[in-house]
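A short worksheet on the structure shown next.
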Amino acid sequence: KMSLESALTANATAVQDRISRAAASAGRAATDIRLIAVSKTFSVAHVKAAAAAGLHDFGENKVQEALRKQAATPSLPVNWHFIGHLQSNMTRKATVFDWIHSVDSVDLLRRLEKACTESGRSLNLLLQVDLAGESTKHGASEQEVNRMIDLATECQSARIRGLMVLPPWSDDPEATRPYYRRLRQLREELRAASPNSVTLDQLSMGMSRDFEIAIEEGATMVRVGTAIFGNRTSRHLQQRR
């Protein structure tokens with residue numbers, strides 16, 4: 001019978017090995033890639049076990065769920081990442097995160113800047129880009145991204161640090177490569193066009209099934225849930241085992 005901590009430690013080690021191999025094959029350092037354990041829908045016990053397994057970054061997609069987990073783990077030395085769609089009425093509460101990966105409009109950027117300034121917090125932001133034009137997904141058009149970059153110089157507390165993409169789902173990991181490649185190209189274009197207003201040192205892309213490809217294409221953050229915590233559908237069985 002394997003404890004939750006030993007199971008998550010084994011999974012985290014396997015994921016880190018995959019990251020190291022992918023980084024090496026791309027001529028990159030594994031230390032340049034931040035592993036975000038996507039803990040959404042999993043329990044506080046899972047977060048504590050994953051932290052004990054050496055993971056430092058956790059991704060959540062619902063503000064209220066994340067607030068509960070943060071309140072239950074105040075002494076854990078971890079960073080919290082918001083990776084879901086952020087509703088504008090949640091911007092004030094969302095300032096408790098260290099990173100928000102899903103800024104998809106000028107309006108949301110302005111609201112976050114205002115909320116950060118009022119709460120005395122600084123916040124790292126990634127702009128979520130819609131490269132596929134999928135009506136079911138959130139994300140900014142490339143035009144809207146340019147407008148947000150223009151606004152970056154006015155932001156004091158909210159710092160635009162990079163870009164994020166959620167490509168269309170596919171069984172074939174290779175099918176996501178063009179989106180990751182395009183995100184990296186877009187970052188270079190934005191950097192060249194406005195070198196002084198933003199750093200854009202981060203690319204958040206790649207999940208459990210395709211993060212090696214994302215790393216080959218330049219990812220600095222990979223968002224991994226299933227490969228660490230297991231399938232969400234079977235998690236209650238895992239807890240009882």
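The values are calculated or read from the model by the stated rules, or taken from the named source; none is laboratory data. Model, not experiment: these values are computed from the prediction. With ideal geometry, Cβ positions are generated from the backbone for all residues, glycine too; neighbour counts draw on all protein chains shown. Note: accessible area is taken over every heavy atom of the protein model, side chains too, but ligands, DNA and RNA are not part of it. Shrake-Rupley method; radii C 1.70, N 1.55, O 1.52, S 1.80 Å.
Okay, here's what the table says:
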| item | result |
| --- | --- |
| Length-normalised contact order for the chain - Cα pairs under 8 Å, 6+ apart - percent | 20 percent |
| Where segment 36-146 is the region considered: accessible area per residue in Å², 1.4 Å probe | 42 Å² |
| Rounded Å value of the spacing that divides the Cα centres of segment 204-227 and segment 37-73 | 19 Å |
| The chain, accessible surface, carbon-and-sulfur percent (1.4 angstrom probe) | 49 percent |
| Dipole magnitude of the chain, debye to nearest 20 (Cβ charges: Lys/Arg +1, Asp/Glu -1, about Cα centre) | 960 debye |
| Phi-based couplings in Hz for segment 182-190 (Karplus 6.51, -1.76, 1.60; Gly and Pro marked x) | 5, 4, 5, 4, 4, 4, 5, 5, 5 |
| Prolate/oblate/rounded label for segment 1-67 (Cα gyration tensor, a/c 1.5) | oblate |
| Coil-residue trypsin sites (Lys or Arg not before Pro) of segment 1-88, DSSP, other Cβ within 10 Å capped at 12 | 1 |
| Vicinal HN-Hα couplings computed from phi for segment 78-83 (Karplus, 6.51 cos²θ - 1.76 cosθ + 1.60; Hz; Gly/Pro x) | 10, 9, 9, 10, 9, 10 |
| Computed [θ] at 222 nm, helices only, for the chain once each DSSP H run of length n ≥ 4 contributes -39500 (n - 2.57) | -12500 deg cm²/dmol |
| Cα gyration tensor shape of segment 95-161, rounded if a/c is under 1.5, else prolate or oblate by comparing a/b with b/c | prolate |
